[in-house]
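What follows is a single structure, written as structure tokens, with notes after it.
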Amino acid sequence: QVQLVESGGGLVQPGGSLRLSCAASRRIFGIVVMGWYRQAPGKQRELVASITSSGTTTYTDSVKGRFTISRDNAKNTIYLQMNSLKPEDTAVYFCNAQLGSGNSWGQGTQVTVSA
């Protein structure tokens with residue numbers, strides 16, 4: 001198991017930027033896939049972006065070109081750089097690690113995009 005702690009959420013105006021961080025309680029070098037999910041009120045949790053241990057990234061269509069996921073194995077942390085934010089990006093963002101024993105989730109961080 002691994003404990004994940006997200007940070008960096010907040011209130012931002014449309015067009016603004018935020019960087020989310022997810023700190024892991026142990027080395028993430030061997031974790032094959034880590035990612036960011038989000039859940040808006042009344043909606044299902046959806047995958048936003050993922051990154052493999054080799055650095056391969058995937059993004060949901062609605063954030064392509066605006067969000068960038070990265071991982072720093074030395075700091076046991078993954079990041080989500082979010083630019084050109086839109087009101088529809090408002091959600092609780094969760095960090096996820098796919099382990100052989102199952103998934104680990106953080107507690108989530110709120111992102112609100114509003115004027």
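The values are calculated or read from the model by the stated rules, or taken from the named source; none is laboratory data. Quick caveat, the model's predicted, so the values are computed rather than measured. Ideal geometry is used to build each Cβ from the backbone, glycine not excepted, and the neighbour counts take in all protein chains shown. To get the accessible areas, we keep the full protein, side chains included, count just its heavy atoms, and leave off ligands, DNA and RNA. Shrake-Rupley method; radii C 1.70, N 1.55, O 1.52, S 1.80 Å.
Before moving on, here are some points about what is shown:
- Å² per residue, accessible surface of the chain at 1.4 Å: 52
- Under 5 Å, built H, 5+ apart or other chain: amide partners of Ile28: Asn76
- Derived scalar couplings ³J(HN,Hα) [region 65-73; Karplus, 6.51 cos²θ - 1.76 cosθ + 1.60; whole Hz; x for Gly, Pro]: x, 10, 10, 9, 9, 8, 9, 10, 4
- Under 5 Å, built H, 5+ apart or other chain: amide partners of Gly10: Val111, Thr112
- Part-to-part distance (alpha-carbon centres) for region 99-115 and region 57-85, which is given in Å: 13
- Full extension of the chain between Ser114 and Arg66 gives 15.6 nm of extra length, using 0.36 nm per residue less the Cα-Cα distance.
- Estimated at the nearest 10 Å², the accessible area of Glu88 is 120 Å² with a 1.4 Å probe.
- Figure note: Leu11, Leu20, Leu47, Leu99 ranked by solvent-accessible area, largest first, 1.4 Å probe, ligands and nucleic acids not counted: Leu11, Leu47, Leu99, Leu20.
- Dipole of the chain, positive end: most advanced residue of Thr112, Ile28, Thr52 [Cβ charges, Cα centre]: Ile28
- Carbon plus sulfur fraction of accessible area for the chain, probe 1.4 Å, in percent: 49
- Proximal charge balance of Val113 [Cβ under 10 Å; K/R count +1, D/E count -1]: -1
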